[in-house]
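S.K.: Can you keep this structure in mind? I'll have questions shortly.
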Amino acid sequence: MYKNPYTGKFIAFEGLDGAGSTTQAGKLTVYLKEQLKKVHLTKEPTNNLIGGLIRGQLTKEWRTGPECLQLLFTADRAHHLEKEVIPLLKQDITVITDRYFFSSVAFGSLGIEDRDWLRKINDRFILPDITFLLHVSPQVCLQRIKTNRFHLELFEEEEHIAKIWRTYDELAQEFENVHVINGERPAEMVFADILKIVNASL
């Protein structure tokens, strides 16, 4: 993976399902727009064709092997970057994504032991300028999921969540510009910490 060479900033939010990445990505987008910054909010999996296939697998509407699923994630990311993210970064627009590379590797580690392969298939993609990893315990994540949804998705089964977090934590130590944020506090307190980092970087 390579550093972002474009004028726009690329910010990723990562974490377990239920950690609050969608909430915090949305709050940051609203804040930057209020500051008259050029900003675009996106997510992975995308709403494009490949992203739809991925969501069908996650909700158990159809099933394939873990390698095939990870290649779908990679194909979705390649299309996402080429058609949406990079053109905006070139225009000096800040792009905020709800999930990115860390999530692929962390969730992919459940079915694939070869983490080098997981990283290699992402080698040609850009790294975010800032990655926020929201730290919320598996127990709290499950409570939040069960409160807000009627079903658990493929990667939300309790025995898997602790392993996924360990992979996230290991990745956070391997890469630069990763900020681990305590996500178990009220959303406004979490956002206050995020805002300090963003203001210092932008």
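The values are calculated or read from the model by the stated rules, or taken from the named source; none is laboratory data. Quantities reported herein were computed from a predicted structural model and do not represent experimental measurements. Backbone-built Cβ (ideal geometry, glycine too); neighbour counts: all protein chains shown.
S.K.: Can you name every residue in segment 7-26 that is farther than 17 Å from S104 by Cα and surrounded by fewer than 19 Cβ atoms within 10 Å (Cβ to Cβ)?
M.R.: T7, T23, G26
S.K.: Condition check: out of contact with any Lys or Arg (no Cβ under 7 Å at 6 or more places or on another chain) and buried (at least 18 other Cβ atoms within 10 Å of the Cβ). Does G56 satisfy that?
M.R.: Here the answer is no, as G56 does not meet what is asked.
S.K.: Now for a different question. Pull out all pairs, ordered by first then second residue, where Cβ-Cβ is under 8 Å, the residues are six or more apart or on different chains, the first lies in segment 159-181 and is over 22 Å from A192 (Cβ atoms), and the second is part of a helix (DSSP H, G or I) and charged (D, E, K, R).
M.R.: The qualifying pairs are T167/R115.
S.K.: Which residues, taken from segment 75-88, are of a type in the set (A, V, I, L, M, F, W, C) and surrounded by 22 or more Cβ atoms within 10 Å (Cβ to Cβ)?
M.R.: Scanning segment 75-88 gives a single hit, V85.
S.K.: Can you say whether V95 is surrounded by 15 or more Cβ atoms within 10 Å (Cβ to Cβ) and out of contact with any Cys (no Cβ under 6 Å at 6 or more places or on another chain), as far as the supplied structure shows?
M.R.: yes
S.K.: Of all helices (runs of 4 or more DSSP H) completely enclosed by segment 1-112, which ones contain at least 1 residues that are under 23 Å from M189 (Cα atoms), aliphatic (A, V, I, L, M) and modelled with pLDDT of 95 or more?
M.R.: Fully inside segment 1-112 and qualifying: 21-34.
S.K.: Exactly one condition in (1) touching a residue at least 40 places away in the same chain (Cβ under 8 Å); (2) of a type in the set (D, E); (3) over 23 Å from Y2 (Cβ atoms) is false for E44; which is it?
M.R.: For E44, the exception is condition (3).
S.K.: Does any residue in segment 52-76 that is touching a residue at least 40 places away in the same chain (Cβ under 8 Å) come within less than 9 Å, Cβ to Cβ, of a residue that is surrounded by fewer than 17 Cβ atoms within 10 Å (Cβ to Cβ) and acidic (D, E) six or more places away or on a different chain, and which pairs are these?
M.R.: L58/E153; T59/E153; K60/E153
S.K.: Still on this structure: In segment 88-95, is there at least one residue being among the polar types (S, T, N, Q), under 18 Å from L16 (Cα atoms) and in contact (Cβ under 8 Å) with a residue 60 or more places away in the chain?
M.R.: no
S.K.: Consider segment 91-127. How many of its residues are among the aromatic types (F, W, Y) and more than 29 Å from L28 (Cα to Cα)?
M.R.: 1
S.K.: Within segment 154-171, is there a residue that is at pLDDT 85 or above and either under 30 Å from K37 (Cβ atoms) or assigned to a loop (DSSP other than H, G, I, E, B) (or both)?
M.R.: Within segment 154-171 (the criterion being at pLDDT 85 or above and either under 30 Å from K37 (Cβ atoms) or assigned to a loop (DSSP other than H, G, I, E, B) (or both)), the answer is yes, since at least one residue qualifies.
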